[in-house]
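The structure appears below as C-alpha cells.
The values are calculated or read from the model by the stated rules, or taken from the named source; none is laboratory data. This structure is a prediction, so every number in the text was calculated from the model and none was measured. Note: ideal-geometry Cβ built from the backbone for every residue, glycine included; neighbour counts use all protein chains shown. Please note that ligands, DNA and RNA were not included when accessible areas were found on the heavy atoms of the full protein model with its side chains. Shrake-Rupley method; radii C 1.70, N 1.55, O 1.52, S 1.80 Å.
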Amino acid sequence: MAMTHNLGFPRIGAKRELKFALESYWKGQSSIDDLKSVGAELRAVHWRDQAGLDLVPVGDFSFYDQMLDMSFMLGNLPERARGFVGDALDCYFRVARGRSAPAAEQGGHGGIAAGEMTKWFDTNYHYIVPEVTAATEFRLDASRLLDELGEARALGIAAKPVIIGPVTYLALAKSKDTIDRLDLLERLLPVYAELLDALGAAGAEWVQIDEPILVTDLDTPWRHAFEVAYHTLKGAPVKLLLATYFGELREHRYLVANLPVAGLHLDAIRGREDLMPLLNLLPSPKVLSLGVVDGRNIWKTDLEALLDWLEPIASQLGERLWIAPSCSLLHVPVDLDSERELDAEIRSWLAFARQKLEELRILASALNGGRHSVQAELAANRAAVAARRNSSRVHDPKVKAAVAAIEPRLGQRQSPYTDRAARQSAALGLPRFPTTTIGSFPQTPEIRRTRRRLKAGEIDAAAYTGVMREEIARCVREQESLGLDVLVHGEPERNDMVEYFGEQLDGYAFSRFGWVQSYGSRCVKPPILFGDIGRPKAMTVDWITYAQSLTDKPMKGMLTGPVTILNWSFVRDDQPRSASCKQLALAMREEVLDLERAGVGVIQIDEAALREGLPLRRSQWPDYLSWAVECFRITANGVADATQIHTHMCYSEFNDIIESIAAMDADVITIETSRSDMELLDAFDDFAYPNEIGPGVYDIHSPNIPSDEHMVALMQKAAERIPAERLWVNPDCGLKTRQWDEVIPALTEMVAAAKRLRATVDG
C-alpha cells in the first residue's frame, strides 16, 4: 500500500489571511494575541485540507520564514537581537524586518538592522539568512513546534513534524567573522538530538528533515558533514525522512542511500534520473518517498502517464513506497476552486495546492486499488491533458517563425560602452553620483481602491486613467522637490511588475486569487504562461510620455525584462524555457523601440530574477546564462547609442556570475547591497566591471530610515572598487511596499548623501 504525505502547505491562506493579519499587527491596529489567533485558525484549516493524507506536515507554518523559525528554535539570534524583553514574536519580527511592532518599541526597544534576505535556492521565495560567528552557541527552544504538534494531535491529525536539517542550515548560513561554518557542526548536533528527543516524547513517529543542499555541488568536507550529522542523530527516538528537492542528487546518491535514516524523499519531477540508481542502492528497510506531483508549477499532472511509470516501482517497493508533491506546496496558490473568473478552458488545465493533493489521492487509489477504482477521475484527467496539448490557443506559427529568424545582430549595440557613455553624458547632463529610484513609488489605498473599482465596473477607463495621472503627477512633483536627477513615473497603474506586462501580452492568463508568498507578508500572483507570446500593442508608452511632459528632467521608461517575466511566471512545461524567453524578448524589444521613438532617452529593463533562474548545478550554468543574456540583449540592444539602458537586480548573490552580468552590456546596473553591507561588491575586487553601477544604499524592505552618514559610508565602500565617475546613488529596490511618510525622509537623506559625495570628490 503506497502511502501519501505532503512536505508543506501554503501558509498565507486562500484569501491571504496571514498577510492582512501581519500587516494589521505591524501597524498597531491589532494585538499580538489577534495575530496568533489567526495563525492557529489557518493551521487548523490547512491541516483539515490535508486530513486525507497518511501523514500531514506540522511546523511548515511560519509567521515570516521557516529559516528564521529554525534560527530561533536553535537559539541562534544575532547579537543585536539578544536581550529583548517582551513577546518572542516581536523579537522575531525585529530580525525579519529591522524593528518590532510599535507596542514593543514603546517599551524602549528601537529599530535594529534586519537580517539579510536572499532567494531560497532557485525559487522566488526569500529566506532570512542565519548569521554565525566564532562565538555562536546553540540552545534549543522547541516550544513553537511542540505547541503546533500538540494542536495537530488534538485535532486528530496524523502529524509529521518538519524541520530544516543541520547541514543545510549551516550551508545557508553566513559567517560574520572568520569562522568556518562546518566548525559549528559539533556544537549544533547536540541541539538537534535534543529536538528529536523532544518530538519523540511528544508523540511524533516520523520527522521530516529537509536537506535540499544535497541537490547542489558539495565538496568533500560538506559531504562528510552529512555522514557525521546523521550517524550522530541515528539514535533518535523518531524515524527520520530525509527530504531533498529542487533537483538531482547525482554524485550524492550513494551517500544519501546509505545514511542511517528511515526514509528518503526524492524530487521525481526534477530528479527523476536519480530513481533507478537509488533503487539499486537503497537498503531494503528504507522508505522511498517520490515527489511525483509538481510542487512548483500549476499544470495538471498527466496521471495515466505517471501511473505507467509508477506502477512497476510500486510493485517492487510495496509498503516502502510513499508518494508526495515534489517539494513544499508553498510555491503554488492554495485553491483553484476560487477561480470562477478564469477562462474555463485554461482553468481545466490547472491544479493548485488543494487540487494537487487530490491528484495524490487519485494516484494512491490507482496504485492500491487498481485504476478501475478511479476510472472516472482518470478519464477526466486524460481529456484535460489532451485538450491542452492540442489547443490552437497554445501554438502560434507566426511567433515560432519570428523566434526561428533571430539573428546575432539583434543583440548588439551600435557602439562599445565608452562611446555610448560619452553620447549619453552629453544628452543627459547628469552630475557626479546621479540619483534615481528603481521605479515604483508607494501604492496608496486610493490607488488600490481605484483599481478595484475599475475591475468591478464601477468606473470606466477614462476615470481610472485620470486618477492614475494625478498620482503620476504627484510622484513627479515629489521627486523634483527632493532633487532627484533621473525621475520615474512611479508605476501607479501597475499591479505587479510581471503581471502588468503579462496582462497585455498574448499567451498569458491570470488568476484572481493565485497568490504565492515571496517573503513575510509580501505575496505575488504569478501570471500563467500557457501559449506562444505576442505583443498586440504598446504597453507603457502613454504613461511614460505623460510623465515626461510634466518635467524637464530625464524620465526613465520602466520595463520588466524577459528573463524575470519568465522566472516569475508559472511557465509552460511543454517547451524549453529558453524558447519561451526568446518569445518574451522579441515582444519586449518592440516596447523598448516604441519608447525610444516616443523620445524616452533612459529605459530601465529590470532583470531582478536573472540569477534566480540559475541552475543549482554549475555544470548547467553556461547554457542558462547563454540564453538568458542573449534574451536581455535582444530586448535592450536595438536602441541608438544616446539612449541609456539601465537594468536592476535585487537580493541575488551574483558575484560568481559577474562576467555574464557584464556581458548583458547595460549602460547602468542597479543592485541590492545595503543589507549585505556592500559585500556583493566583493566581485569587483577581481573583476573590472566596465559600465556604470548603482549599489543600493537604502534597504526598502525595512521600515528603518537610513541616515545620510550611513549612505555615504556605503558609497565610500563602493568607491574603493568602482571609479566614482561611474557610480549612481539609489535605493535597493522599488518603493511600492513602503509608505510616503517613510519614503520622503529616506530619499531626502539619500539626496543629501549624494551631495556630500559630490563635495568630497569635486573638492
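Name every residue in region 477-498 that is outside any loop (DSSP other than H, G, I, E, B) and surrounded by 22 or more Cβ atoms within 10 Å (Cβ to Cβ), in order of residue number.
Those that are outside any loop (DSSP other than H, G, I, E, B) and surrounded by 22 or more Cβ atoms within 10 Å (Cβ to Cβ): Gln479, Leu487, Gly490.
Being more than 33 Å from the chain's Cα centre (by Cα) and touching a residue at least 12 places away in the same chain (Cβ under 8 Å) is the filter; apply it to region 399-417 and report the residue that is most open to solvent (accessible area, probe 1.4 Å).
In this case the residue turns out to be Gln414.
Within region 521-576, how many residues turn out to be within 25 Å of the chain's Cα centre (by Cα), more than 21 Å from Cys733 (Cα to Cα) and surrounded by fewer than 17 Cβ atoms within 10 Å (Cβ to Cβ)?
Of the residues in that region, 4 qualify.
In region 76-100, which residues are in a helix (DSSP H, G or I) and either open to solvent by 60 Å² or more (accessible area, probe 1.4 Å) or closer than 14 Å to Glu116 by Cα (or both)?
Within region 76-100, Glu79, Arg80, Ala81, Ala88, Tyr92, Phe93, Arg94, Val95, Ala96, Arg97 meet the criteria.
Considering each of Lys582, Lys537, Lys556 in turn, give the residue that is in contact (Cβ under 8 Å) with a residue 60 or more places away in the chain and outside any helix (DSSP H, G or I).
Lys556
Please go through region 449-476 and give me each residue that is part of a helix (DSSP H, G or I), of a type in the set (A, V, I, L, M, F, W, C) and surrounded by 15 or more Cβ atoms within 10 Å (Cβ to Cβ), ordered by number.
Leu454, Val467, Met468, Ile472, Ala473, Cys475, Val476
Determine whether Glu194 is touching a residue at least 40 places away in the same chain (Cβ under 8 Å), out of contact with any Phe, Trp or Tyr (no Cβ under 6 Å at 6 or more places or on another chain), closer than 19 Å to Ser71 by Cβ and open to solvent by 30 Å² or more (accessible area, probe 1.4 Å).
The answer is yes for Glu194.
Going through region 126-156 one residue at a time, which ones are under 26 Å from the mean Cα position of the chain (by Cα) and assigned to a loop (DSSP other than H, G, I, E, B)?
Result: Val129, Pro130.
Under 6 Å between Cβ atoms, which residue pairs at least 6 apart in sequence (or on different chains) link something in region 32-61 that is under 23 Å from Ile164 (Cα atoms) and assigned to a loop (DSSP other than H, G, I, E, B) with a partner that is among the small types (Gly, Ala, Ser) and open to solvent by less than 10 Å² (accessible area, probe 1.4 Å)?
Asp60/Gly8
For region 229-325, list the helices (runs of 4 or more DSSP H) that sit wholly inside it and hold at least 3 residues that are out of contact with any strand residue (DSSP E or B) (no Cβ under 6 Å at 6 or more places or on another chain), farther than 24 Å from Arg618 by Cα and open to solvent by less than 50 Å² (accessible area, probe 1.4 Å); which are they?
Of the helices (runs of 4 or more DSSP H) lying wholly inside region 229-325, those with at least 3 residues that are out of contact with any strand residue (DSSP E or B) (no Cβ under 6 Å at 6 or more places or on another chain), farther than 24 Å from Arg618 by Cα and open to solvent by less than 50 Å² (accessible area, probe 1.4 Å) span 303-317.
So for region 625-646 (the condition being at pLDDT below 90, open to solvent by less than 30 Å² (accessible area, probe 1.4 Å) and closer than 23 Å to Lys556 by Cβ), does at least one residue qualify?
The answer is no, given that none of the residues of region 625-646 is at pLDDT below 90, open to solvent by less than 30 Å² (accessible area, probe 1.4 Å) and closer than 23 Å to Lys556 by Cβ.
State the number of residues belonging to region 706-761 that are among the β-branched types (Val, Ile, Thr), at pLDDT below 90 and open to solvent by 50 Å² or more (accessible area, probe 1.4 Å).
The number of residues fulfilling the criteria is 3.
What's the total number of residues in region 120-140 that are more than 14 Å from Leu170 (Cα to Cα), open to solvent by 30 Å² or more (accessible area, probe 1.4 Å) and not polar (S, T, N, Q)?
4
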